[in-house]
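Read through the structure below, which is laid out as structure tokens, and then see the notes.
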Amino acid sequence: MRKNIIIANWKMYKTREEALDFIYSVSQAVPSKDLVESVVCAPAIMLRDLVKRQGDNVRIGAENMYYEEEGAFTGEISPKMLTSTNVEFVILGHSERRMIFKEDDALINKKVLSALEHGLKPILCCGETLTEMEEGKVEEVLTKQLTEGLKSVKKEDLTKIVIGYEPVWAIGTGKSATAEIAQSRCKFCRDVIAGLFGAEAEKIRIVYGGSVKPENIADFLKQPDVDGGLIGSASLNPQKYLAMVEAGIQK
Ligand code: PGA
């Protein structure tokens, strides 16, 4: 059985003090990692502080990285820098990176391969925009993002990756996808991955993201191909985050 994974994506929110308040509130209160995986992805500048106070059951992740180990890349963060702070995960290819910072599938693929090479677990995001959905291009978009994003990944590395299916029209809009849409798209992602990696696709975790909150997370988690949530605004509040992690315990 695939264990649910509940991932906070703080984006560009919280000061250091607010990040510390959050981790003090949740690190002792989250359920055991044997029951559900809890991950907090935060701005790079706070990662060291969070890692020091993460406790036994919270894992820490970055929100982005560059693929080179070092060099003249002003403002970028390398995989070596992330591993030296002991973070475990890194979000790659989030739609905000794709749209605002013009990251394409080839660049995202280099980041995925570099993260794996350095022992980091990529959370690879995919998802269609509203226009792409209206034009009937959902399957085409997901197939391209997954095929190119996972290019050259070794079969034995596949399950280190978590896929985040996030329809862009549902992110930060308060308009989440229905549970049925989330299920059918996550299933579609799994089928694409099965086409690339065969039966290993049954083992990879695929989470849904886009206006997930304590009130709706259970509906998503009931779906057979949804293995967790990638949560932005509702994850900023420690009580809401804890409620969503609790909801991830499989009965
Ligand atoms: P949201 O963001 O939960 O605020 O919609 C999700 C995400 O961008 O990962």
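The values are calculated or read from the model by the stated rules, or taken from the named source; none is laboratory data. What you are looking at is a predicted structure, and each value in this text was computed from that prediction instead of being measured. Virtual Cβ from ideal backbone geometry, glycine too; neighbours counted across all protein chains shown.
Which residue pairs have Cβ atoms closer than 7 Å, lie 6 or more positions apart in sequence or on different chains, and pair a first residue in segment 152-164 that is more than 18 Å from ALA106 (Cα to Cα) and aromatic (Phe, Trp, Tyr) with a second residue that is at pLDDT 95 or above and within 16 Å of the ligand (Cβ to nearest atom)?
Between residues of segment 152-164 that are more than 18 Å from ALA106 (Cα to Cα) and aromatic (Phe, Trp, Tyr) and residues that are at pLDDT 95 or above and within 16 Å of the ligand (Cβ to nearest atom), there is no close pair.
Restricting to segment 173-199, what's the tally of residues that are within 16 Å of the ligand (Cβ to nearest atom), assigned to a helix (DSSP H, G or I) and in contact with an Asp or Glu (Cβ under 9 Å, 6 or more places away or on another chain)?
First, the residues of segment 173-199 that are within 16 Å of the ligand (Cβ to nearest atom): 173-179, 181-182, 185-186, 189.
Filter once more, so that each one left must be assigned to a helix (DSSP H, G or I): 179, 181-182, 185-186, 189.
Then keep just the ones that are in contact with an Asp or Glu (Cβ under 9 Å, 6 or more places away or on another chain); that gives 179, 182, 185-186, 189.
Result for segment 173-199: 5.
Could you say which residue among VAL168, VAL162, VAL153 is among the aliphatic types (A, V, I, L, M), closer than 30 Å to HIS118 by Cα and within 11 Å of the ligand (Cβ to nearest atom)? Break it down stepwise before answering.
Details: VAL162 fails: within 11 Å of the ligand (Cβ to nearest atom); VAL153 fails: within 11 Å of the ligand (Cβ to nearest atom).
None of the other options fit; the residue is VAL168.
Listed here are the residues, each with its yes/no results for (1) in contact with a helix residue (DSSP H, G or I) (Cβ under 6 Å, 6 or more places away or on another chain); (2) under 20 Å from THR143 (Cβ atoms); (3) within 16 Å of the ligand (Cβ to nearest atom).
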site	(1), (2), (3)
ILE204	yes, yes, no
GLU215	no, no, yes
SER235	yes, no, yes
ALA243	no, no, yes
ILE249	no, no, no
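Do any helices (runs of 4 or more DSSP H) entirely within segment 89-154 hold 3 or more residues that are within 26 Å of ARG59 (Cβ to Cβ), and if so, which? Give the derivation first.
Details: elements: 95-100, 105-117, 130-134, 138-149.
Ranges flagged: 95-100, 105-117, 138-149.
Starting from residues that are touching a Ser or Thr at 6+ places or on another chain (Cβ under 7 Å) and part of a loop (DSSP other than H, G, I, E, B), keep the ones in segment 203-251 and report whichever is surrounded by the fewest Cβ atoms within 10 Å (Cβ to Cβ). Even if it seems obvious, please write down each step before you answer.
Narrowing segment 203-251 to residues touching a Ser or Thr at 6+ places or on another chain (Cβ under 7 Å): 203-204, 210-212, 216, 238, 241, 245.
After this cut, where a residue has to be part of a loop (DSSP other than H, G, I, E, B) as well, the list is 203-204, 210-212, 216.
On the way: LYS203: 11, ILE204: 21, GLY210: 27, SER211: 20, VAL212: 30, ASN216: 19.
Only one residue tops the list, namely LYS203.
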